[in-house]
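Presented below is the structure to which this report refers.
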Amino acid sequence: MDSKAIIARDDAHVLHTYARSPLALVRGEGLYAYDAEGRRYLDFTSGIGVNALGYCHPAWVRAVAAQAGQLQHTSNLYYTAPCGALAEALCRRTGLDAVFFGNSGAEANEGAIKAARKYSADTYGPGRDRVLTLVNSFHGRTLATLTATGQDVFHHDFGPFPEKFAYVPAGDFAALQAAAAPDTCAVLLELVQGEGGVVALEKDYVARVAQLCQERDILLLVDEVQTGVGRTGTFLACEQYGLQPDIVTLAKGLGGGLPIGAVLLTRKVAEHMGPGSHGSTFGGNPVACAGALAVLDTLDETLLQNVRDRAAQLGAGLAALPFAAQVTGLGLMAGVALRGGVSAATLRAACEARGLLVLTAKDRLRLLPPLTLTAQHVDEALAVLRAAGEGMA
Ligand SMILES: *Cc1c(COP(=O)(O)O)cnc(C)c1O
């Protein structure tokens with residue numbers, strides 16, 4: 001089937017909720033994806049931060065294929081080894097005490113909100129259930145996580161929404177302090193707002209928020225769905241902020257390409273989530289967990305150092321591009337604010353025509369390459385970006 005036929009069939013039958021590029025990808029290897037006509041693309045999107053090890057990393061393929069051929073699913077009525085092994089590895093690497101597995105970032109955040117409200121209800125009684133989130137945040141597309149998302153553009157026409165969410169501007173500690181009424185049970189935030197434009201929070205602001213939360217026993221929920229699993233140069237972005245939250249959520253990069261989400265909790269919060277309090281048919285699926293274990297095994301200190309080195313190289317290269325007004329983000333979550341008149345969508349299309357896949361966030365260019373990229377891949381991407389932006393700025 002050629003690209004035209006694949007696209008036409010999809011357009012005829014798949015709900016049009018995505019503004020897709022006219023590209024049909026059929027296979028991938030390492031940093032490169034290939035379309036139906038065999039054209040090669042250097043992929044600096046990782047399937048939006050999902051393919052942490054690039055396409056079809058041998059260790060990941062081996063682990064997933066072996067588990068699929070051994071036991072593909074059992075339900076959560078029984079124990080399987082990969083689920084526990086992954087939970088153990090996640091606790092060891094994060095210092096948190098317990099894990100609940102779901103299948104996506106939104107689901108992980110739903111679980112985090114439920115656990116926070118349960119802890120508060122058990123500890124303080126009913127009515128202390130408000131969740132504070134930040135303006136410009138993104139937490140998912142389910143009704144509760146959509147409500148938690150501090151961007152009105154996503155809200156239109158989908159109400160009524162769950163109650164007791166409130167938004168405060170990112171970086172404004174006084175606003176958060178004022179909003180943290182006695183009925184507040186949790187603060188939910190991303191350390192780098194990804195979909196919101198690749199904006200990293202200030203360390204001092206985050207430290208003050210954490211301090212306030214601790215003083216009032218407001219649970220701190222950090223959405224590391226995009227920033228987690230090495231993306232920013234440490235296993236969690238929390239490490240760079242000196243943060244020890246009550247709950248951390250993971251998803252995107254965790255499964256290396258298979259759907260998985262995780263809620264990581266301290267013992268204090270975990271104790272309140274007993275049998276029947278939460279569940280998922282697919283959560284903890286052995287094939288997804290085997291893939292995630294391969295990601296964690298591969299993501300050693302050497303690979304994390306590669307993330308930091310490539311991030312420095314990429315950041316310096318991006319800042320030197322004629323159309324770059326400002327480079328934002330952390331690690332391999334890079335945003336580029338563009339000079340006046342340069343459109344992110346136009347630049348993205350020009351890159352695609354030259355064989356480089358990139359993302360946009362708001363009016364910015366956004367890059368989320370696989371963590372396994374080399375210095376040559378960075379140079380290749382920068383050369384394409386420079387050529388694509390020729391004459392635009
Ligand atoms: C992508 C994302 C989500 C939603 O994840 P899904 O798997 O699409 O549900 C939630 N939070 C953040 C920070 C994200 O980047």
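Yes/no per residue for (1) at pLDDT 95 or above; (2) small (Gly, Ala, Ser); (3) in a loop (DSSP other than H, G, I, E, B); (4) open to solvent by 10 Å² or more (accessible area, probe 1.4 Å):
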| site | (1), (2), (3), (4) |
| --- | --- |
| Gln240 | yes, no, no, yes |
| Gly253 | yes, yes, no, no |
| Ala262 | yes, yes, no, no |
| Val269 | yes, no, no, no |
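I'd like the full set of residues that are more than 16 Å from the ligand (Cβ to nearest atom), assigned to a loop (DSSP other than H, G, I, E, B) and touching a residue at least 40 places away in the same chain (Cβ under 8 Å), limited to region 50-69. Full working, then the answer.
If we filter region 50-69 for residues that are more than 16 Å from the ligand (Cβ to nearest atom), which is where we start, we get 53-69.
Of the ones still in play, those that are also assigned to a loop (DSSP other than H, G, I, E, B) are 53-54, 56-57, 69.
Correct list: Leu53, Gly54, His57.
Being at pLDDT 95 or above, out of contact with any Ser or Thr (no Cβ under 7 Å at 6 or more places or on another chain) and surrounded by fewer than 24 Cβ atoms within 10 Å (Cβ to Cβ) is a description that applies to Thr234. Report yes if some residue within region 48-61 is on the phi < 0 side of the Ramachandran plot, in contact with a Cys (Cβ under 8 Å, 6 or more places away or on another chain) and modelled with pLDDT of 95 or more; otherwise report no. Checking region 48-61: not a single residue is on the phi < 0 side of the Ramachandran plot, in contact with a Cys (Cβ under 8 Å, 6 or more places away or on another chain) and modelled with pLDDT of 95 or more. Sub-7 Å Cβ pairs linking a first residue in region 371-386 that is within 19 Å of Ala52 (Cα to Cα) and in a helix (DSSP H, G or I) to a second residue that is open to solvent by 30 Å² or more (accessible area, probe 1.4 Å) and among the polar types (S, T, N, Q), at least 6 apart or interchain, are Ala375/Gln313; Val378/Gln313, ordered by first then second residue. Within region 153-189, the set of residues being within 12 Å of the ligand (Cβ to nearest atom) and touching a residue at least 60 places away in the same chain (Cβ under 8 Å) comprises Leu188 only. When Thr80, Thr94 are checked against the criterion of being under 17 Å from the mean Cα position of the chain (by Cα), more than 20 Å from Thr184 (Cα to Cα), more than 16 Å from the ligand (Cβ to nearest atom) and open to solvent by less than 50 Å² (accessible area, probe 1.4 Å), a single residue qualifies: Thr94.
Looking across region 130-149 at every residue that is crowded, with 20+ Cβ neighbours inside 10 Å and more than 12 Å from the ligand (Cβ to nearest atom), the one that is farthest from the chain's Cα centre (by Cα) is identified as Arg130.
So which of Gly331, Gly291 ends up being under 19 Å from the mean Cα position of the chain (by Cα) and open to solvent by 20 Å² or more (accessible area, probe 1.4 Å)? Quick ask: steps written out before the conclusion?
Values: Gly291 fails: open to solvent by 20 Å² or more (accessible area, probe 1.4 Å).
Being under 19 Å from the mean Cα position of the chain (by Cα) and open to solvent by 20 Å² or more (accessible area, probe 1.4 Å) holds for just one of Gly331, Gly291, which is Gly331.
For region 98-129, what are the residues that are under 16 Å from Cys83 (Cβ atoms), more than 16 Å from the ligand (Cβ to nearest atom) and either at pLDDT below 95 or surrounded by fewer than 22 Cβ atoms within 10 Å (Cβ to Cβ) (or both)? Ala98 - this is the single residue of region 98-129 that is under 16 Å from Cys83 (Cβ atoms), more than 16 Å from the ligand (Cβ to nearest atom) and either at pLDDT below 95 or surrounded by fewer than 22 Cβ atoms within 10 Å (Cβ to Cβ) (or both).
Among the residues of region 23-49, those that are surrounded by fewer than 16 Cβ atoms within 10 Å (Cβ to Cβ) and either in a loop (DSSP other than H, G, I, E, B) or out of contact with any helix residue (DSSP H, G or I) (no Cβ under 9 Å at 6 or more places or on another chain) (or both) comprise Leu23, Arg27, Glu29, Tyr34, Glu37, Gly38, Arg39, Arg40.
For region 177-189, give me each residue that is within 26 Å of Phe154 (Cβ to Cβ) and either among the small types (Gly, Ala, Ser) or surrounded by fewer than 18 Cβ atoms within 10 Å (Cβ to Cβ) (or both).
If the condition is that a residue be within 26 Å of Phe154 (Cβ to Cβ) and either among the small types (Gly, Ala, Ser) or surrounded by fewer than 18 Cβ atoms within 10 Å (Cβ to Cβ) (or both), then Ala178, Ala179, Ala180, Ala181, Asp183, Ala186 are the ones that fit.
Taking Val342, is it surrounded by 13 or more Cβ atoms within 10 Å (Cβ to Cβ) and in contact with a helix residue (DSSP H, G or I) (Cβ under 7 Å, 6 or more places away or on another chain)?
Criteria not met by Val342.
Conditions (1) farther than 25 Å from His278 by Cα; (2) touching a helix residue (DSSP H, G or I) at 6+ places or on another chain (Cβ under 6 Å); (3) among the charged types (D, E, K, R); (4) assigned to a helix (DSSP H, G or I), marked per residue:
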| position | (1), (2), (3), (4) |
| --- | --- |
| Ala144 | no, yes, no, yes |
| His156 | yes, no, no, no |
| Gly159 | no, no, no, no |
| Pro162 | no, yes, no, no |
| Ala174 | yes, no, no, yes |
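Take Arg208 and tell me if it is among the basic types (Lys, Arg) and assigned to a helix (DSSP H, G or I). Yes: the conditions hold for Arg208. Checking Val192, Val206, Val222 one by one, the residue that is within 11 Å of the ligand (Cβ to nearest atom), more than 11 Å from the chain's Cα centre (by Cα) and open to solvent by less than 20 Å² (accessible area, probe 1.4 Å) is Val222 and no other. Screening the candidates Gly274, Gly317 for the property of being out of contact with any strand residue (DSSP E or B) (no Cβ under 6 Å at 6 or more places or on another chain), open to solvent by 10 Å² or more (accessible area, probe 1.4 Å) and in a helix (DSSP H, G or I) yields one hit, Gly317.
The values are calculated or read from the model by the stated rules, or taken from the named source; none is laboratory data. Computed from a predicted model, the values in this text were never measured in an experiment. Note: ideal-geometry Cβ built from the backbone for every residue, glycine included; neighbour counts use all protein chains shown. Just so you know, the surface numbers come from the protein's heavy atoms only, side chains and all, with ligands and any DNA or RNA stripped out. Shrake-Rupley method; radii C 1.70, N 1.55, O 1.52, S 1.80 Å.
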